[in-house]
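To start, the structure itself, in structure tokens.
The values are calculated or read from the model by the stated rules, or taken from the named source; none is laboratory data. As the structure is a prediction and not an experimental result, all values here were calculated from the model. As a convention, Cβ positions derive from the backbone with ideal geometry for all residues, glycine included, and neighbour counts pool all protein chains shown. Just so you know, the surface numbers come from the protein's heavy atoms only, side chains and all, with ligands and any DNA or RNA stripped out. Shrake-Rupley method; radii C 1.70, N 1.55, O 1.52, S 1.80 Å.
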Amino acid sequence: MRTLALLFIFAAALCSQASFAQESQPTAKQPSALAGTDSPEALREHAPVLPAVRAKYWKIDPAVGYGMKDFGNGVYALSDNGWQSAFLVTDAGVIVFDAPASYGKHIPEAVAKVTNKPIKMLVYSHIHKDHIGGSVAFKNIPGLQIIALDTVSDFLKQMNDPNRLIPTVTFNSAKTINLGGKTVELTRHNYHSSEGDLFIYVPEAKFLMAVDSVTSGYVPFQDFDLSTNFHEYLKMFDEILAYKFDNFIGGHLTDTGNRKDVENTKEYTNDVYQTVKRIHNGLNERAFGADIAKTIGPDNEFLIFKALLDKVTRDSVAELEPRWINRLAGVDVWLPSHVRAALIYVRWDDKE
């Protein structure tokens with residue numbers, strides 16, 4: 001961490017009282033994640049979902065609770081316009097990829113609609129219960145193999161969550177499944193969950209599933225999909241694009257994706273990162289801290305530093321939002337959190 005001592009010592013020399021500098025005052029428009037408001041008036045001011053994105057919502061029968069799409073070569077995608085999963089039909093049985101808590105109980109019946117082959121395997125993409133918390137519906141399937149990273153299995157054993165069944169087959173970095181003439185390639189990545197994430201690839205179908213990475217048509221979820229490692233997150237897009245795929249599942253919301261969706265999210269993420277880095281590194285911290293200290297004095301060190309971080313966040317959001325508000329949905333919802341995530345990386349982990 002860049003030492004705060006220089007900022008604080010300099011501020012201590014400036015104890016005179018004056019009006020708090022206008023530059024340091026929050027001026028973000030409402031509504032904003034910075035303001036933390038959920039009043040009806042503020043919520044209505046958020047940008048609506050882009051028409052091009054809304055047009056791709058899945059048509060979900062409320063009586064069924066999910067929709068299904070045939071990607072070909074045995075791959076089927078499932079969604080309830082909130083979560084996404086998939087399964088692969090082979091000559092020897094079915095492999096299911098994730099069982100979301102929201103509709104996991106319906107997956108066996110969805111499989112039965114397209115094949116009489118038994119479900120043989122359930123693959124976990126990572127630990128989060130919203131993606132595998134419906135696995136309890138598979139509890140009584142005889143001979144079922146539940147496949148996951150060893151670290152995912154270790155975590156689930158500790159949690160002892162009855163809704164997330166314990167894996168029966170584990171591995172550390174990579175595993176290839178061969179079943180009924182089909183191949184599934186599983187590889188560990190570390191862009192999101194502390195216990196690891198899987199890329200799930202079916203080469204015969206040119207299908208790739210990388211959960212909590214890219215949300216087609218939207219910016220990522222809060223804090224870049226709750227990423228625990230922004231350094232690895234920045235690498236993730238090229239790792240995805242290294243695969244030959246036509247259809248892509250990111251695990252969330254209202255449409256499946258393709259290479260263009262990955263490229264768009266990569267461009268957005270890099271723009272956030274580079275903008276935050278430029279604004280942060282270009283800020284005169286001495287002058288800024290001195291200005292703050294004129295009003296609050298030198299002793300509230302946390303407040304001085306918070307004002308600095310808030311300014312970088314505010315200025316970055318103001319620059320980025322006009323560039324992206326009409327390109328991806330949810331920009332005004334999650335951009336401040338993305339800027340904060342990038343700022344933490346820029347200040348404490350990145351090189352100059």
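Check whether at least one residue in region 289-299 is touching a His at 6+ places or on another chain (Cβ under 7 Å) and of a type in the set (Val, Ile, Thr), and report yes or no.
Looking for residues that are touching a His at 6+ places or on another chain (Cβ under 7 Å) and of a type in the set (Val, Ile, Thr), one finds none in region 289-299, hence no.
Select from region 319-352 the residues that are open to solvent by 30 Å² or more (accessible area, probe 1.4 Å), part of a helix (DSSP H, G or I) and farther than 18 Å from residue 42 by Cβ and list them in ascending order.
319, 322, 323, 340, 344, 348
If the Cβ limit is 8 Å and pairs must be 6+ apart or interchain, which residue in region 323-340 that is free of Cβ contacts under 8 Å to residues at least 60 places away in the same chain pairs with which residue that is outside any loop (DSSP other than H, G, I, E, B)?
Pairs found: 323/271.
Of the residues 282, 297, 289, 257, only one is touching a strand residue (DSSP E or B) at 6+ places or on another chain (Cβ under 7 Å) and not hydroxyl-bearing (Ser, Thr, Tyr); which?
The unique qualifying residue is 257.
Given (1) open to solvent by less than 70 Å² (accessible area, probe 1.4 Å); (2) in contact with a Ser or Thr (Cβ under 8 Å, 6 or more places away or on another chain), identify the lone condition not met by residue 57.
(1)
Go through region 285-314 and give me each residue that's closer than 20 Å to residue 222 by Cα, crowded, with 19+ Cβ neighbours inside 10 Å and not aliphatic (A, V, I, L, M).
311, 313, 314
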